[in-house]
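Written below as structure tokens is the structure these notes are about.
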């Protein structure tokens, strides 16, 4: 089955992937929910589903994926069980609970519902407000908020920079995003709240940073595009913006648009080439709201059952990396060939 | 201050470490609690404390570390705040809640209180029963329990093998430990419970595995000694025991006995040399009960305030790594010079 599925996937599908997806399909007959449970790339999940369907083990029926009698026999013979529900409901599995009732968090919740709608051209798909608040809480807990100079590199549809600014605890927050609607939205709030430490500006991250940003920050945050060259370019630029050892970067990486093959390459880059150390990989920390343009993505076309997602299925892991003496970033322009592959390649399908 | 502290530490102390420890000392006047909050190696924390005391910023008083008036002024000038308490109380920060009321978990809780007492000569210091149950729950959730062949490499004072065996969900659990008391303890329970899938045996992990274990397991678990050569030898042997891509290893790594400098080296070894990918790093997942021999450790001598720990302060991160095609372990004997440094070096002080 793994060999068969490999024909439809960009890299080798090994038996564990088949087993994970089969278990997931015992947990849910919804393609998107199953991917969430299996925690694997859409393209690999779709390849497994296709191989199962061709072997007459699985069928699509009214938008759902159902085992055939033959499939059910196999599941029983293999002793496959649905995934358990051990995720902590109190913290949504993140391990920490943000301070929802502090004034900054309440202000954030008030403003966030008015944010501009996501746009496919910018790969936007915002995380839930609870995710944004939990990220800020984690930063505070790790000592990466108070008195720090913080650089938010894109993905400001998540409103991370705004949330940090509202705490009034950072020394400075520079927020970069290509979407002028979001920058304008935040500028208005900043004025209303009288915030002086947050500076949103329209910026295309394909361009190098001005010299004064190199080595200018304690913390960077980003949600990088997940092709290898784009990841390298984004993270290397974030690292180039860090001041000194002990400075840190935060970013999301999925197993929905990237395989573990690619994660390994990402990890090699960060640890060996850039001289960073990974301090945290928290799976399913980031929950993405279903975006308006789902039907227009390659992911949508890959679902053999055809139905759109009914609930949040797209999650990503939250990474924290820390600079050690000798760390090295890069502030080169992002080359056109990287730019072309910035938001999609053979594994990425949700953009 | 960082430069001063560096004189007393095995590697460079950078300003972030000083800041973290100062914040931690605003959170607690207890040396051990402060280390827990700062999440840094005991030797580095002690170096910072020593530098602070020599600068007349901090003093020891009745077993507690207190700011001097000069120290308090500095804390205020820097705007340092205590660490917040955002850790989720429902899951103790792990993100998942083990199924305490399933029969296997209840059986485990019944037996664990009778386990043999920890022994310093074997570097024993058991995790809490909740930690052991959470590890098993995580394995189930990740698809690393049902029908799997599992190898538990030492640290069985944590009773991981027993807990896995009690679920009756693994295909086979081989439990290795050098402490014959624990092996005998488990054999008795196995007989009483009529378990057939768990095989505890006395084994010195410095010896290579028999040939049939190489490539014989889906999962390995260990809590490796944290010197670089010992870590490499332990983890490489675990990796050598894995069957195929998709097989996984779990282990704890502290930031109490290892610095981030060393974590980076560990990560390079796993990702670049062994061909594994890191899928999870969950900080503070493992909570260690205070062990009977605390007073005899180097850590104890490093506390300038002299008082022993009052509550759990020793925690470690839980790693999960997964094998990708081409992964490579090593089953060589552990050399005498590695053996000598197995349980202590310039960073490790709790053994």
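The values are calculated or read from the model by the stated rules, or taken from the named source; none is laboratory data. Because the structure is predicted, anything quoted here is derived from the model rather than measured. Cβ: placed from backbone, ideal geometry, glycine included. Neighbour counts: every protein chain shown.
Table: residues versus (1) assigned by TED's automatic domain parsing to the domain that holds residue A:259; (2) over 23 Å from residue A:317 (Cβ atoms); (3) touching a helix residue (DSSP H, G or I) at 6+ places or on another chain (Cβ under 9 Å).
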{"position": "A:7", "(1), (2), (3)": "no, yes, yes"}
{"position": "A:27", "(1), (2), (3)": "no, no, yes"}
{"position": "A:52", "(1), (2), (3)": "no, yes, yes"}
{"position": "A:61", "(1), (2), (3)": "no, yes, no"}
{"position": "A:69", "(1), (2), (3)": "no, yes, no"}
{"position": "A:73", "(1), (2), (3)": "no, yes, no"}
**Answer residue from the stretch A:274-300, given it is more than 14 Å from chain B (Cβ to nearest Cβ) and within 14 Å of the chain's Cα centre (by Cα) and is modelled with the highest pLDDT among those** = A:288
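Does residue B:227 count as surrounded by fewer than 24 Cβ atoms within 10 Å (Cβ to Cβ) and within 17 Å of residue B:273 (Cβ to Cβ)?
Values: surrounded by fewer than 24 Cβ atoms within 10 Å (Cβ to Cβ): yes; within 17 Å of residue B:273 (Cβ to Cβ): yes.
Yes.
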**Request:** Go through the stretch A:112-137 residue by residue and tally those that are surrounded by 20 or more Cβ atoms within 10 Å (Cβ to Cβ) and either more than 21 Å from the chain's Cα centre (by Cα) or more than 16 Å from residue B:81 (Cβ to Cβ) (or both).
**Result:** 11
**Any hit, the stretch B:155-166, residues being at pLDDT below 95 and surrounded by fewer than 24 Cβ atoms within 10 Å (Cβ to Cβ)** = no
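Is it true that residue B:149 is touching a strand residue (DSSP E or B) at 6+ places or on another chain (Cβ under 9 Å), surrounded by 24 or more Cβ atoms within 10 Å (Cβ to Cβ) and in the same structural domain as residue B:250 (by TED's automatic domain parsing)?
Taking the combined requirement at face value, the residue does not satisfy it.
Given the options B:137, B:155, B:163, name the one that is within 11 Å of chain A (Cβ to nearest Cβ) and touching a residue at least 12 places away in the same chain (Cβ under 8 Å). Reasoning before the result, please.
On the way: B:155 fails: within 11 Å of chain A (Cβ to nearest Cβ); B:163 fails: within 11 Å of chain A (Cβ to nearest Cβ).
Criteria check complete, one pass: B:137.
Looking at residue B:304, is it surrounded by fewer than 22 Cβ atoms within 10 Å (Cβ to Cβ), away from chain A (no Cβ under 11 Å) and either in a loop (DSSP other than H, G, I, E, B) or at pLDDT 95 or above (or both)?
Answer is yes for this residue.
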**Request:** Within the stretch A:84-134, count every residue that is touching a strand residue (DSSP E or B) at 6+ places or on another chain (Cβ under 6 Å) and touching a residue at least 60 places away in the same chain (Cβ under 8 Å).
**Result:** 7
**Message:** Can you say whether residue B:193 is over 21 Å from residue B:108 (Cα atoms), at pLDDT 95 or above and surrounded by fewer than 21 Cβ atoms within 10 Å (Cβ to Cβ), as far as the supplied structure shows?
**Reply:** no
**Request:** Among the residues of the stretch B:42-60, write down those that are touching a strand residue (DSSP E or B) at 6+ places or on another chain (Cβ under 8 Å) and in a loop (DSSP other than H, G, I, E, B).
**Result:** B:57
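Within the stretch B:264-273, count every residue that is within 8 Å of chain A (Cβ to nearest Cβ) and crowded, with 18+ Cβ neighbours inside 10 Å.
Of the residues in the stretch B:264-273, the ones within 8 Å of chain A (Cβ to nearest Cβ) are B:264, B:267-268, B:271-272.
The next check asks that each one be crowded, with 18+ Cβ neighbours inside 10 Å; those that pass are B:264, B:267, B:271.
Result for the stretch B:264-273: 3.
Out of curiosity, is residue A:235 out of contact with any helix residue (DSSP H, G or I) (no Cβ under 6 Å at 6 or more places or on another chain), within 14 Å of another protein chain (Cβ to nearest Cβ) and crowded, with 21+ Cβ neighbours inside 10 Å? Talk me through it step by step, then tell me what you get.
Details: out of contact with any helix residue (DSSP H, G or I) (no Cβ under 6 Å at 6 or more places or on another chain): yes; within 14 Å of another protein chain (Cβ to nearest Cβ): no; crowded, with 21+ Cβ neighbours inside 10 Å: yes.
No.
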**Prompt:** Just a yes or no: is a residue in the stretch A:248-256 at pLDDT 95 or above, within 10 Å of chain B (Cβ to nearest Cβ) and under 17 Å from the mean Cα position of the chain (by Cα)?
**Reply:** no
**Request:** Can you tell me which residue among B:18, B:48 is in contact with a helix residue (DSSP H, G or I) (Cβ under 6 Å, 6 or more places away or on another chain), under 18 Å from residue B:83 (Cα atoms) and at the interface with chain A (Cβ under 10 Å from one of its Cβ atoms)?
**Result:** B:18
**Complete:** Within the stretch A:21-53, residues surrounded by 23 or more Cβ atoms within 10 Å (Cβ to Cβ), within 17 Å of residue A:74 (Cα to Cα) and free of Cβ contacts under 8 Å to residues at least 60 places away in the same chain come out as A:21, A:22, A:24, A:25, A:48, A:51, A:52
**Asked** For the stretch B:161-201, which residues satisfy the criterion of being more than 28 Å from residue B:141 (Cβ to Cβ) and in contact with a strand residue (DSSP E or B) (Cβ under 7 Å, 6 or more places away or on another chain)?
**Response** B:178, B:180, B:183, B:187, B:201
**the stretch B:61-117: number of residues that are within 14 Å of chain A (Cβ to nearest Cβ), outside any loop (DSSP other than H, G, I, E, B) and more than 17 Å from residue B:136 (Cα to Cα)** = 6
**Asked** Quick check: anything in the stretch B:307-319 surrounded by fewer than 20 Cβ atoms within 10 Å (Cβ to Cβ), part of a helix (DSSP H, G or I), in contact with a helix residue (DSSP H, G or I) (Cβ under 8 Å, 6 or more places away or on another chain) and in contact (Cβ under 8 Å) with a residue 60 or more places away in the chain?
**Response** no
